[in-house]
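Here is the structure we will look at.
Nothing in this text is a laboratory measurement; each read-out follows from the coordinates by a stated rule. Source: prediction; values computed, not measured. Cβ placement follows ideal geometry from the backbone for every residue including glycine, while neighbour counts extend to all protein chains displayed.
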Amino acid sequence: MRIYGLFSESSFVLTVFEFLKSVYWRTIGFDINISMLILGLIGGIGSGKSTVAEMFCQLGAEQIDADRIGHEVLQRHEVQTIARNRWGDRVFDHNGQLNRKILAQIVFDPSETGCEELRFLNFLVHPLITQKIEDQIRQFSESDCRYLILNAPLLLENHWEQRVNSLIFVDVPRSTRIARTQKRGWTSAELDARENSQQNLQEKRRTANWIIDNSGNLDETLDQVKKIWQNLETWNR
Ligand code: ATP
């Protein structure tokens, strides 16, 4: 076998291949470390996405929490100024903090007005959230992160599925989700109002590469998470 400096012929070919592959990914806009797999978590409201994300993190994954980013974006001065112009002082509490509960009542109102206000809110915050997600993906891709969980309830609605390698749907019957979100003080009507603004759950389920049944206890869910992890480890050696 011919030797190219420190490389054997086969490892030289592999190195050139890896280099060309990384150039290709960068050229088409995916400026990411290709050894990092991005897993998108989807599912109904209160299905257990955050719970499952935490389980993946316990196994060694990192997480981007789109809800948290959304909350941070709502704290921005320029966003709050526009919010005040649009909805007035009623969406702010006496400390000047944006009251997300009141805002939710406005944008998830089942009337045409509610739809219009939700469109306005999305128009305002989604580009900022997308930018922040992109920034975090880039940061993780520059670290030694191998598995990144994108926990984003509106992942499909915002077409972020183009940024993930695999989609995991967290499956739980509606009755269980009602019971679990009631612990947050939500009524089933509040759950419906939010859910009606999202893509149909059956469609989301069909789009997924993996389905985790989170209707049982936490140990049963963890077992399923570990099985997916083992599969990923086999692929991503
Ligand atoms: P959201 O759609 O609002 O972001 P989510 O899908 O992230 O919610 P979680 O917050 O993870 O859902 O879970 C909702 C509630 O259900 C939480 O109180 C959580 O502790 C509880 N929960 C999640 N999974 C289980 C389980 N397997 N058994 C019992 N309780 C659970």
Using 11 Å as the cut-off for backbone N distance, which residues of region 87-123 belong to the label zone defined by a point 7 Å from the Cα of Gln80 along Cα→Cβ? 92-99
With the crude spin-label approximation of a point 7 Å out along Cα→Cβ, what separation in nm comes out for Arg119 versus Lys226? 4.9 nm
FRET E, pair His94, Asn200, Förster distance 30 Å, beta-carbon r, rounded to 0.05: 0.15
Restricting to Cα pairs below 8 Å that are 6+ residues apart, what does the relative contact order work out to for region 102-237? Please round to a whole percent. 23 percent
Could you tell me the calculated FRET efficiency between Ala179 and Asp219, based on Cβ-Cβ distance and R0 = 25 angstrom, to the nearest 0.05? 0.85
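How do 40-46, 148-154, 75-81, 129-135 rank on mean C-beta neighbours within 10 Å, highest first?
In descending order of packing, they fall as 40-46, 148-154, 129-135, 75-81.
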Which distance in nm do the two modelled labels at Cys57 and Gln162 give, with both placed 7 Å along the Cα-to-Cβ direction? 2.9 nm
With +1 at each Lys and Arg Cβ and -1 at each Asp and Glu Cβ, the charge dipole magnitude of region 30-179 around its Cα centre, to the nearest 20 debye, comes out at 300 debye
